[in-house]
1. Near Lys141, which aspartates and glutamates are there with a Cα under 14 Å away, not counting those fewer than 8 places off in the same chain?
2. Roughly what would the spin-label model give for Thr215 and Glu131, points 7 Å off Cα along C-beta, in nm?
3. Hey, rough spin-label estimate for Glu40 and Glu308, points 7 angstrom out along Cα→Cβ, what's it come to in nanometres?
4. For every other residue with a beta carbon closer than 15 angstrom to the beta carbon of Glu283, add +1 if it is Lys or Arg and -1 if Asp or Glu, then tell me the sum.
5. DSSP loop (so not H, G, I, E, B), at most 12 other Cβ within 10 Å: list which GluC sites (Glu not before Pro) in the stretch 34-143 pass both filters.
6. For the pair Asn107 and Ala165, how long in nm is the line joining their label points, each one 7 Å along Cα→Cβ?
7. So which GluC sites (Glu not before Pro) in the stretch 208-290 pass both tests, a DSSP loop state and at most 15 other Cβ atoms within 10 Å of the Cβ?
8. Could you work out the relative contact order of the stretch 193-309, using alpha carbon pairs under 8 angstrom and six or more residues apart, expressed as a whole percent?
Amino acid sequence: MRLYVGVTDGDWFRFLADQPNLDEVNFWRPSGASFKMLQEGDLFLFKLHAPHNFIVGGGFFTRTLLLPVNLAWEAFGVANGAEDLPTVQRRVVKYRSKQGQAIQEANPSITCILLAEPFFFPREQWFPIPESFKLNIVSGKGYSTDETEGRALYDQVAERLRLQATDPAPATLAAIETPRYGQPQLIRPRLGQRSFRALVTEAYSRRCAITGEKTLPVLEAAHVQPYGRGGPHAIENGLLLRSDLHRLYDSGYITIEPEERRLIVSPRIRSEFENGRHYYALEGQQLAAPQLGFPLVSSERLRFHANEVYRG
């Protein structure tokens, strides 16, 4: 397993540590550069700025997205580590200025490192950074559990998670149950609603998967198998749909044929509402595929919707 110790803004950390029941956070960077140090399920750890040279918490890596600041706020809200959008915008300007970068655009893109199942250690559980982590490191440093320092990091984190976890999610539970000298398991963390929405939006290139509509305010991330009926917050259980289509989909008035992946429109729209010509015009429309690097929607989930939700 890989671990990454990221230099962390103190205000960001303190704000999030005070938020109750967070299941995800956005560890954003102002540069808009990609982050490729971790795989899904690896550990991302928080190290405060000097002189607080301690590991103070972390989370399980999900994915990296490049998002305009306003979209990052719409997707994650206070999970961005601030109480409002202007605060995030000021911090972006502050850190870009420190790096000698001028902001030319009004709404710059930032690097969003999405972390699931975050944890924040109380002050008495903070522990020192590894000796190899030099104080002139600006962004962070990677480690591996195959190496002595990386394994020691992992064990200290797992020990603290055992102390504080009461109802652990999958990745946290795997860390807790790893034997002291056993091999850590790489488990996909449980996505939260915010990450689900952001990832589905990016997976479909900010376009409705049926109509191609790209007016972002009317696009919504829909669960294929409803969340309340066992469907997870997962990209393969998501579709980006125009808001009216989303409501029809959730209500069972439309579905996607699981094999050919074409839109089916229920005759009940006509019989119950004496209308629907705009929707019947979409009958047979091919479902768009997500962009490269994102998984296809699950055929199993599509079958669940067609058999259990659709009202033909």
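1. Asp42, Glu131, Glu149
2. 6.3
3. 2.1
4. Working: positive: Arg261, Arg262, Arg268, Arg270, Arg277; negative: Glu257, Glu260.
My count for the surroundings of Glu283 gives +3.
5. Working: sites: Glu40, Glu74, Glu83, Glu105, Glu124, Glu131; in loops: Glu40, Glu83, Glu105, Glu131.
Filter output for the stretch 34-143: Glu83, Glu105, Glu131.
6. In this crude spin-label approximation the distance works out to 3.9 nm.
7. Values: sites: Glu213, Glu220, Glu236, Glu259, Glu260, Glu272, Glu274, Glu283; in loops: Glu213, Glu259, Glu260, Glu274, Glu283.
Passing both the DSSP loop test and the Cβ count: Glu259, Glu260, Glu274, Glu283.
8. On the way: 184 pairs, mean separation 33.3, N = 117.
It rounds to 28 percent for the stretch 193-309.
Where a number appears in this text, it was derived from the coordinates with a stated rule and is not lab data. In this text the structure is predicted, and so the values were computed from the model without any measurement. Here the Cβ is made from the backbone with ideal geometry for all residues, glycine too, and neighbour counts use every protein chain on show.
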